[in-house]
Amino acid sequence: MTLNAETSARVTLETGAGVATLTLNSPATRNALSLAMIEAIWGELDAIAGRDDVRAVVLQAEGPAFCAGHDLKELTAHRNDPDRGRAFFDETMRACSALMQKIVMLPQPVIAAVDEIATAAGCQLVASCDLAVAGPRARFCTPGVDIGLFCSTPAVAVSRSVAPKHAMEMLLTGVPIGAEEALRIGLVNRISADGARSGALALARLIAGKSPQAIRFGKKAFYEQREIPLAEAYELASAVMVDNMLAEDAKEGVAAFLEKRSPTWTEE
């Protein structure tokens with residue numbers, strides 16, 4: 001497989017065979033979501049969104065943590081600002097929230113590959129991805145209550161991934177859960193005995209082999225219909241199905257099925 005690699009100080013992007021692998025690459029900070037890290041991830045996702053050759057994304061990390069959440073040292077340093085840090089705190093929370101929404105709105109599916117701990121906004125990052133694969137040693141927690149800071153923004157993503165009572169237990173206790181418990185409550189899709197990276201890449205390659213048009217139609221509609229009443233959801237989904245049926249991939253896919261052959265998908 002031929003890879004095209006692009007690197008920055010905080011993230012590494014590799015692409016090949018329809019899959020982009022985005023690696024958080026700041027082990028010294030446990031991949032904390034500083035403003036610079038948020039901006040680096042945002043920039044790579046922005047580039048990925050417009051690439052027809054990328055059909056799925058794996059989000060992984062180097063070092064002892066998948067992501068340690070917000071950079072508490074960076075936040076604390078701004079307590080000496082004239083406004084006690086309010087403007088910087090607001091900028092950080094808005095930037096982080098926008099990043100999570102960008103993952104949801106990205107045309108391509110994003111798969112988190114978590115081999116170590118994902119804590120606070122790091123757990124939010126996992127929950128914001130479309131799919132998640134855990135390694136046997138992976139752990140997840142929202143421990144803001146331990147430092148007097150309830151994980152309210154992580155709660156948005158976590159409560160949309162797991163049942164409310166499971167989410168509240170994580171948020172109220174801050175106790176880490178292991179991979180098996182994360183799988184049981186639906187925070188991750190599967191556990192890969194060979195490690196999250198291997199499992200996530202296999203899943204990404206499987207998805208990359210499907211119709212890119214169908215995936216883009218489907219991901220967008222999935223999140224839109226989830227936030228509206230049932231009748232409106234069916235109206236929206238029906239309209240999307242019609243548009244999807246008129247797309248080239250659906251024409252080709254149905255024909256291939258009827259003719260008992262493999263389909264040839266479009267490149268966009």
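The values are calculated or read from the model by the stated rules, or taken from the named source; none is laboratory data. Please read all numbers here as calculations on a predicted model, not as lab measurements. Glycine also receives a Cβ, built like all others from the backbone with ideal geometry; neighbour counts cover every protein chain displayed.
Yes/no per residue for (1) touching a helix residue (DSSP H, G or I) at 6+ places or on another chain (Cβ under 7 Å); (2) without any contact (Cβ under 8 Å) to a residue 24 or more places away in the chain; (3) part of a strand (DSSP E or B); (4) under 25 Å from Leu172 (Cα atoms):
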| position | (1), (2), (3), (4) |
| --- | --- |
| Met93 | yes, no, no, yes |
| Ala98 | no, no, no, yes |
| Ala112 | yes, no, yes, yes |
| Gly122 | no, no, no, yes |
| Val126 | no, no, no, yes |
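Of the residues that make up the stretch 164-174, is at least one out of contact with any Gly (no Cβ under 6 Å at 6 or more places or on another chain) and either at pLDDT below 95 or under 30 Å from Asp53 (Cα atoms) (or both)? No - not one qualifying residue is present in the stretch 164-174. Remark: pairs (first residue in the stretch 234-254, touching a residue at least 12 places away in the same chain (Cβ under 8 Å) and in the same structural domain as Glu224 (by TED's automatic domain parsing); second residue part of a helix (DSSP H, G or I) and of a type in the set (S, T, N, Q); Cβ separation under 8 Å; 6+ apart in sequence or on different chains) = Leu236/Gln225; Ala237/Gln225; Asn244/Gln213; Ala247/Gln213; Glu248/Gln213; Asp249/Gln213; Ala250/Gln213; Ala250/Asn244. Every test in (1) at pLDDT below 95; (2) surrounded by fewer than 16 Cβ atoms within 10 Å (Cβ to Cβ) is passed by Arg10 save one, and that test is (2). Can you find a residue in the stretch 56-69 that is part of a helix (DSSP H, G or I) and not basic (Lys, Arg)? Looking through the stretch 56-69, none of the residues is part of a helix (DSSP H, G or I) and not basic (Lys, Arg). Condition first: in contact with a helix residue (DSSP H, G or I) (Cβ under 7 Å, 6 or more places away or on another chain) and farther than 14 Å from Ala68 by Cβ. Now tell me which residues in the stretch 139-159 satisfy that. Listed by number, the residues that qualify are Val145, Phe150, Thr153, Ala155, Ala157, Val158, Ser159.
The condition of being within 26 Å of Ile38 (Cα to Cα) and either part of a helix (DSSP H, G or I) or among the hydroxyl-bearing types (Ser, Thr, Tyr) (or both) holds for only one of Leu171, Leu187, that being Leu171.
Does Ile103 satisfy the condition of being assigned to a helix (DSSP H, G or I) and touching a Cys at 6+ places or on another chain (Cβ under 9 Å)? Yes; evaluated as a whole, the condition is true for this residue. Can you tell me which residue in the stretch 49-68 is farthest from the chain's Cα centre (by Cα), limited to those that are in contact (Cβ under 8 Å) with a residue 60 or more places away in the chain and surrounded by 19 or more Cβ atoms within 10 Å (Cβ to Cβ)? Of everything passing the filter in the stretch 49-68, Arg55 is farthest from the chain's Cα centre (by Cα).
The set of residues in the stretch 204-234 being closer than 16 Å to Ile103 by Cβ and of a type in the set (Val, Ile, Thr) consists of Ile207, Ile215. Any chance the stretch 223-238 includes a residue that's closer than 15 Å to Val110 by Cα and in contact with a Pro (Cβ under 6 Å, 6 or more places away or on another chain)? No, that holds for no residue.
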